[in-house]
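The next block holds one structure in the form of structure tokens; read it before the comments.
The values are calculated or read from the model by the stated rules, or taken from the named source; none is laboratory data. These figures come from a predicted structure and were not determined experimentally. So basically every Cβ, Gly included, is an ideal-geometry build from the backbone, and we count neighbours across all protein chains shown. In case anyone asks, the SASA skips ligands and DNA or RNA and just uses the protein heavy atoms, side chains included. Shrake-Rupley method; radii C 1.70, N 1.55, O 1.52, S 1.80 Å.
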Amino acid sequence: MTFDRPTILMCPPDFYGIEYEINPWMSRSRESDPDLARQQWHALYVLLLSLNADVRLMTPVKGLPDLVFTANAALIHESTAYLSRFRHPARQGETPLNEEWLTTQGFDCVTLPEGMDFEGAGDALFVKDTLFAGYLIRSDAAAMQWVAGEIGCRVIPLQLVDERYYHLDTCFCPLSETDAIIYPPAFDEYGQKALEAHIESALIVQDDEAARFACNAVVLGEHVVLNTGCPQLESDLRDRGYEPHATPLDEFIKAGGSAKCLTLRLDGEDSATWRAG
Ligand code: ARG
């Protein structure tokens, strides 16, 4: 498959809401405002278009409020999509829709063996040819080994230890083949050491900005799109030659997600060596 520019999947928030609680950010007593959610989602969409992304849309479905978080649809590697097997039954209905959409777009969809939970690009991110894989809270370590075995790549398993940072993309964001945004307390000691050993240049996030989902950024070359309220990270990014673009996403933080969770890179993350274009 060939892409002539960064290509991203999003899903409009028509049926988004807090209908169940599967992570510590979600509380049914803290509903999201549908109009504000729509506005914030639309601002992100327009911002990504303005940065030259090709944004493709899935049709939202009533009863699947988290379908907006397309990062969890699958892990994309070249023209193969490794479909998620969601840990929580509340999200399992998303998989057939993701499979249908990705197949229509020309991806070969692969289903992991039964019993292996796997939440796609929420937990698996490429840096060069290596798959950085978050496990324990949502995805199984065995699932990550299985996917890396199919791809034939090296995998670095990273155990996630803080329920608030339940997906890898809430505490780790590769920016390039050498740079990454990291919130170390979300990882066990071994994971922190592995990140130190394998990431040449880390931008470390502090507690308050981690809780603003600083690590959950969308990277388009030197452009980094993230939630508002992360001034320290914005300044660190500028110092390294990146251009941060902050846009409010508080309505989605109520579900435990931000910019990156709302997107799935179909042509490969910028940090991945195999990516097209
Ligand atoms: N409410 C969703 C869940 O808990 C949020 C998913 C966020 N996605 C992500 N890639 N971190 O599953």
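So that you can scan it fast, the table gives a plain yes or no per residue for (1) more than 16 Å from the ligand (Cβ to nearest atom); (2) open to solvent by less than 10 Å² (accessible area, probe 1.4 Å); (3) of a type in the set (Asp, Glu):
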{"position": "GLU150", "(1), (2), (3)": "yes, no, yes"}
{"position": "ARG154", "(1), (2), (3)": "yes, no, no"}
{"position": "GLU177", "(1), (2), (3)": "yes, no, yes"}
{"position": "TYR190", "(1), (2), (3)": "yes, no, no"}
{"position": "ALA202", "(1), (2), (3)": "yes, no, no"}
{"position": "PHE213", "(1), (2), (3)": "no, yes, no"}
{"position": "ASN227", "(1), (2), (3)": "no, yes, no"}
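Go through GLN145, GLN159 for me and flag whichever is away from the ligand (no atom under 16 Å from the Cβ), without any contact (Cβ under 8 Å) to a residue 24 or more places away in the chain and not in a loop (DSSP other than H, G, I, E, B).
GLN145
Mind listing whichever residues of segment 247-277 are part of a loop (DSSP other than H, G, I, E, B) and more than 21 Å from PRO13 (Cα to Cα)?
Selection gives ASP267, GLY268, GLU269, ASP270, SER271, THR273, TRP274, ARG275, ALA276, GLY277.
Of the residues GLU99, GLU114, which is touching a strand residue (DSSP E or B) at 6+ places or on another chain (Cβ under 9 Å), in a loop (DSSP other than H, G, I, E, B), open to solvent by 40 Å² or more (accessible area, probe 1.4 Å) and farther than 23 Å from GLU19 by Cα? I'd like the intermediate steps shown before the answer.
On the way: GLU99 fails: in a loop (DSSP other than H, G, I, E, B).
Answer to the selection: GLU114.
Which residues, taken from segment 117-129, are open to solvent by less than 10 Å² (accessible area, probe 1.4 Å) and out of contact with any Phe, Trp or Tyr (no Cβ under 6 Å at 6 or more places or on another chain)?
Listed by number, the residues that qualify are PHE118, GLU119, GLY120, ALA121, GLY122, ASP123, ALA124, PHE126, VAL127.
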